[in-house]
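Reading through the structure tokens given below for one structure.
The values are calculated or read from the model by the stated rules, or taken from the named source; none is laboratory data. Here the structure is a predicted model, which is why all the values come from computation and not from measurement. Counting neighbours? That spans all protein chains shown, and the Cβs are built from the backbone with ideal geometry, glycine included. Quick note on the areas: whole protein, heavy atoms, side chains included, nothing else; ligands and nucleic acids left out. Shrake-Rupley method; radii C 1.70, N 1.55, O 1.52, S 1.80 Å.
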Amino acid sequence: MRLILVGPPGAGKGTQAVHLAAHYGIPHISTGDIFRHNMKNETELGMLAKSYVDRGELVPDTVTNEMVKDRLSDSDAKKGFLLDGFPRNVAQAELLRKILEKANTPLDAVLELALDDAEIIARLSGRRTCRNCGATFHMIYEKPATEGICDTCKSDLYQRPDDSEEVVKRRLEVYAEQTKPIVSFYQAEGILLTIPAVGDITEITQRAIAALTAAVSR
Ligand code: AP5
Ligand code: MG
Ligand code: ZN
């Protein structure tokens with residue numbers, strides 16, 4: 001399965017990606033997670049990315065594309081992959097098409113998670129993220145067993161700086177202006193699936209798997 005998850009900030013891409021990647025036995029590749037990992041370790045890439053991520057702007061394509069190209073060449077991505085947060089503009093979608101065409105490994109589907117702005121804001125304002133492993137929780141909707149502590153690795157949870165109200169506003173604008181056009185791009189290719197991202201987390205996973213099963217067997 002070669003799959004892309006697309007949707008506005010806070011739609012639940014990361015949350016669903018964990019379940020879908022486990023279901024299909026494929027690696028979950030999140031460009032946001034890779035940037036945050038590099039920011040935490042203060043690598044050169046992390047320092048560069050930070051100035052964009054903290055403002056809700058896209059990291060320049062030259063940097064992002066190179067990083068994704070590298071990641072897709074790892075051996076675990078040969079059996080398939082789930083991309084979360086990439087591509088994020090038409091230029092990135094075109095680069096990905098070239099890479100996959102060259103390897104003769106076309107995408108199976110692009111799954112769009114649709115959610116309205118009010119729910120997005122509720123999800124992002126209560127999100128807490130693990131400083132160590134990047135796992136996400138929600139103060140109301142997906143509470144960790146112990147407040148402020150990651151269930152998986154027992155490290156501290158923090159609030160992403162880009163989840164502040166002002167930066168979320170900018171991320172929504174960037175999504176509408178730069179990312180939303182890739183939805184039409186994949187619709188034109190006939191591989192777009194859109195599902196409502198409302199309801200329980202497990203219910204949405206089931207909805208996604210049902211849509212993917214129907215589409216891939218067509
Ligand atoms: P990235 O990390 O990808 O952020 P994003 O796209 O804005 O998406 P989020 O991670 O905020 O949301 P999500 O959809 O994963 O939601 P989640 O599952 O956590 O990117 C960050 C930045 O990196 C970008 O702004 C940019 O600067 C840079 N970047 C990344 N990729 C790039 C690229 N390709 N090119 C250039 N720059 C790039 O869920 C949110 C909350 O809701 C959680 O608390 C969760 O517990 C809760 N929740 C989830 N599902 C439900 C549900 N069904 N019901 C109730 N609560 C739920
Ligand atoms: Mg995410
Ligand atoms: Zn953790």
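So Ile201 fits all but one of (1) within 9 Å of ligand 1 (Cβ to nearest atom); (2) out of contact with any His (no Cβ under 9 Å at 6 or more places or on another chain); what number is the exception?
Every condition holds for Ile201 apart from (2).
Working only within segment 122-132, note down all residues that are open to solvent by 40 Å² or more (accessible area, probe 1.4 Å) and over 17 Å from the mean Cα position of the chain (by Cα).
Within segment 122-132, Ser125, Arg131, Asn132 meet the criteria.
Can you tell me which residue within segment 54-78, out of those that are part of a loop (DSSP other than H, G, I, E, B) and not charged (D, E, K, R), is surrounded by the most Cβ atoms within 10 Å (Cβ to Cβ)?
Of all residues in segment 54-78, those part of a loop (DSSP other than H, G, I, E, B) come to 54-60, 73-74.
Still in the list and also not charged (D, E, K, R): 56, 58-60, 73.
Working: Gly56: 21, Leu58: 17, Val59: 19, Pro60: 11, Ser73: 11.
Applying the filter and picking the extreme gives Gly56.
Within segment 175-208, work out how many residues are of a type in the set (A, V, I, L, M, F, W, C), surrounded by 15 or more Cβ atoms within 10 Å (Cβ to Cβ) and either free of Cβ contacts under 8 Å to residues at least 12 places away in the same chain or farther than 18 Å from Glu119 by Cα (or both).
So the count comes out to 7.
Do we find that Val174 is within 13 Å of ligand 1 (Cβ to nearest atom), closer than 18 Å to Leu5 by Cβ, of a type outside the set (S, T, N, Q) and in a helix (DSSP H, G or I) in this structure? Break it down stepwise before answering.
Details: within 13 Å of ligand 1 (Cβ to nearest atom): yes; closer than 18 Å to Leu5 by Cβ: yes; of a type outside the set (S, T, N, Q): yes; in a helix (DSSP H, G or I): yes.
Spelling it out, Val174 is indeed within 13 Å of ligand 1 (Cβ to nearest atom), closer than 18 Å to Leu5 by Cβ, of a type outside the set (S, T, N, Q) and in a helix (DSSP H, G or I).
Please list, ordered by first then second residue, the pairs with beta carbon atoms under 7 Å, 6 or more apart or interchain, first in segment 44-59 and free of Cβ contacts under 8 Å to residues at least 60 places away in the same chain, second assigned to a loop (DSSP other than H, G, I, E, B).
Listed pairs, sorted by first residue: Ala49/Val59; Tyr52/Leu58; Tyr52/Val59.
Applying the selection to segment 1-15, what residues are outside any helix (DSSP H, G or I) and open to solvent by 30 Å² or more (accessible area, probe 1.4 Å)? Reasoning before the result, please.
Initial filter on segment 1-15 (outside any helix (DSSP H, G or I)): 1-12.
Within segment 1-15, Met1, Arg2 meet the criteria.
How many residues are surrounded by 21 or more Cβ atoms within 10 Å (Cβ to Cβ) and of a type in the set (Asp, Glu) when one looks only at segment 16-49?
0
What tally of residues in segment 125-151 results from selecting those that are away from ligand 2 (no atom under 16 Å from the Cβ) and closer than 21 Å to Asp200 by Cβ?
6
Within 30 Å of Asp200 (Cβ to Cβ), in contact with a Lys or Arg (Cβ under 9 Å, 6 or more places away or on another chain) and of a type in the set (Asp, Glu): which single residue out of Asp33, Asp84 fits that description?
One residue alone meets the criteria, Asp84.
Given Thr179, Thr194, Thr202, which one is closer than 20 Å to His28 by Cα, in a helix (DSSP H, G or I) and more than 16 Å from ligand 2 (Cβ to nearest atom)?
Working: Thr179 fails: more than 16 Å from ligand 2 (Cβ to nearest atom); Thr194 fails: in a helix (DSSP H, G or I).
Testing whether each residue is closer than 20 Å to His28 by Cα, in a helix (DSSP H, G or I) and more than 16 Å from ligand 2 (Cβ to nearest atom) leaves just Thr202.
Okay, residues lined up against (1) within 9 Å of ligand 1 (Cβ to nearest atom); (2) open to solvent by 70 Å² or more (accessible area, probe 1.4 Å):
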| residue | (1), (2) |
| --- | --- |
| Glu101 | no, yes |
| Thr105 | no, no |
| Glu112 | no, no |
| Ile140 | yes, yes |
| Pro144 | no, no |
| Glu147 | no, yes |
